[in-house]
Amino acid sequence: MTEHHPDDEPTPDEARSKAPAGDAAIEAAVESIAFHPVFDVIAETVSADETPAGDKATKSKKERRAGATLRTFLLSRGFSRGLGVVGETLITLGVMVMLFLGWQLWINDVIITNESAAVAEENATKWTSSTTPTSTSSEAAVIDFGPAPVMSKVANTKVFGNVYIPRFGDDYIKVAAEGVEAEGTLNRGYFGRYPDSQLPGEAGNFALAVHRSGYGDPFQSAPMLRTGDLIVLQTASGYYEYRVRNTEYVMPSQVEVVNAVPGGANTAVVGQSVMTITTCNPELGNAERLITYAVMVGWRPKDAGPPKEIESMVKA
């Protein structure tokens with residue numbers, strides 16, 4: 001039997017010559033690992049004073065053979081191809097993630113914005129009287145039309161109103177619907193009414209939820225709101241007018257903001273109707289909730305026309 005000597009081991013150059021030419025880059029990287037000094041250190045794990053000379057020589061030969069086997073495997077065509085498959089898979093996954101983000105952050109936003117705007121404009125057309133007068137003076141805008149009627153409750157996910165916020169621009173018109181389900185309301189770019197909250201015109205808390213960003217970015221500009229800003233809810237019967245009272249940031253667990261009396265009994269005003277809008281904060285996260293409180297200050301029936309501040313926003 002021919003004894004295998006250390007000198008018979010393939011040198012780095014010989015190993016390289018046996019590898020496929022097309023995998024040179026991978027083999028070069030693998031070779032730098034395979035012939036790293038750490039493989040020589042492995043052979044010295046048993047000290048001379050603890051191991052007999054014969055056993056030490058035998059162990060050394062086995063360790064060298066193991067090192068040679070590992071080097072051969074790392075330089076093999078199969079290993080190179082395996083690395084190539086893994087690399088291509090990772091690149092494909094990366095491209096898929098980027099495409100999804102592009103769809104979610106841009107393309108889908110545009111689609112939802114257009115769909116929501118179409119619904120809002122259709123609502124405005126149905127709910128705006130063809131005989132609506134145009135305000136000619138500041139006096140016309142402060143006419144007292146009496147107490148606001150309580151809006152009738154509608155079925156879950158059904159649209160019941162349009163939301164106008166002049167602070168966000170003349171083209172800001174969004175849809176309000178019943179319920180806070182993701183697919184039925186919020187993910188369509190709508191404001192969704194919390195089912196257990198009060199109704200527009202009813203004393204207490206008319207609470208809405210809405211996405212801040214994504215899904216058409218319906219409430220992206222929420223931090224721009226200031227005390228006194230107008231928010232108008234248009235329904236089939238008329239216009240409910242609210243003025244922003246204040247905003248606050250709370251933890252997601254603080255669900256008391258949608259109670260009948262948001263903020264506790266100390267803030268209660270007998271007969272007052274409050275609109276509360278909840279959204280996520282920060283813009284691309286949900287660590288907190290940004291809460292906007294607005295107090296109802298007026299009501300205008302459909303035939304009286306919209307408040308002067310939103311006349312140009314109502315598309316009829």
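Any read-out appearing in this document is the output of simple, stated calculations on the displayed coordinates, not a laboratory observation. Note that this is a predicted model, so its numbers are computed, not measured. Quick reminder, even Gly has a Cβ in these numbers, built from the backbone with ideal geometry, and neighbours come from all protein chains shown.
What are the trypsin sites (Lys or Arg not before Pro) within segment 149-237 that DSSP puts in a loop, where the Cβ has at most 15 other Cβ atoms within 10 Å? The partial results should precede the final answer.
Numbers: sites: Lys153, Lys158, Arg167, Lys174, Arg188, Arg193, Arg212, Arg226; in loops: Lys153, Lys158, Arg212, Arg226.
Answer in residue order: Lys153, Lys158, Arg226.
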task: Calculate one ³J(HN,Hα) per residue across segment 221-233 by plugging θ = phi - 60° into the Karplus curve 6.51 cos²θ - 1.76 cosθ + 1.60, and present them in order as whole Hz with x for glycine and proline.
output: 8, 3, x, 6, 5, 10, 3, x, 5, 8, 10, 10, 9
message: Quick query: amide H of Glu202 versus all other amide H atoms, modeled in the peptide plane; which residues come in under 5 Å with a sequence gap of 5 or more or a different chain?
response: Met151
query: Can you work out ³J(HN,Hα) from phi for every residue in segment 246-258, in order, using Karplus 6.51 cos²θ - 1.76 cosθ + 1.60 and θ = phi - 60°, giving whole Hz and x for Gly and Pro?
result: 6, 10, 7, 10, 9, 7, x, 6, 7, 6, 5, 5, 9
query: Put +1 on the Cβ of every Lys and Arg and -1 on every Asp and Glu Cβ in segment 129-310; which of Ser273, Gly201, Ser237 then has its Cα farthest towards the positive end of the dipole?
result: Ser237
query: Points 7 angstrom from Cα along the Cβ direction at Phe145 and Ala118: gap in nanometres?
result: 3.0
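If the only charges are +1 at each Lys and Arg Cβ and -1 at each Asp and Glu Cβ, what is the size of the charge dipole of segment 129-310 around the Cα centre, to the nearest 20 debye?
Details: 14 positive and 18 negative charges, 21 e Å.
I would put it at about 100 debye.
First measure r as the distance between the Cβ atoms of Lys158 and Thr227, then evaluate 1/(1 + (r/R0)^6) with R0 = 45 Å and state the FRET efficiency to the nearest 0.05. Numbers along the way, then the final one.
On the way: r = 32 Å, r/R0 = 0.72.
For R0 = 45 Å, the calculated efficiency reads 0.90.
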statement: Note on segment 178-240: contact order normalised by length, alpha-carbon pairs under 8 Å, 6 or more apart, percent, works out to 23
- request: Show the residues, 5+ positions off or on another chain, whose built amide H is closer than 5 Å to the amide H of Leu208.
  value: Tyr194, Thr276, Ile277, Thr278
field: Label-point separation, Val86 to Thr69 (7 Å along Cα→Cβ), nm
entry: 2.0
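At 0.36 nm per residue, minus the direct Cα-Cα distance, what do Glu248 and Leu284 gain on full extension? Give it in nm, one decimal, please. Can you show the working numbers first?
Numbers: separation 36, 0.36 × 36 = 12.96 nm, distance 1.79 nm.
Using 0.36 nm per residue and subtracting the Cα-Cα distance, I get 11.2 nm.
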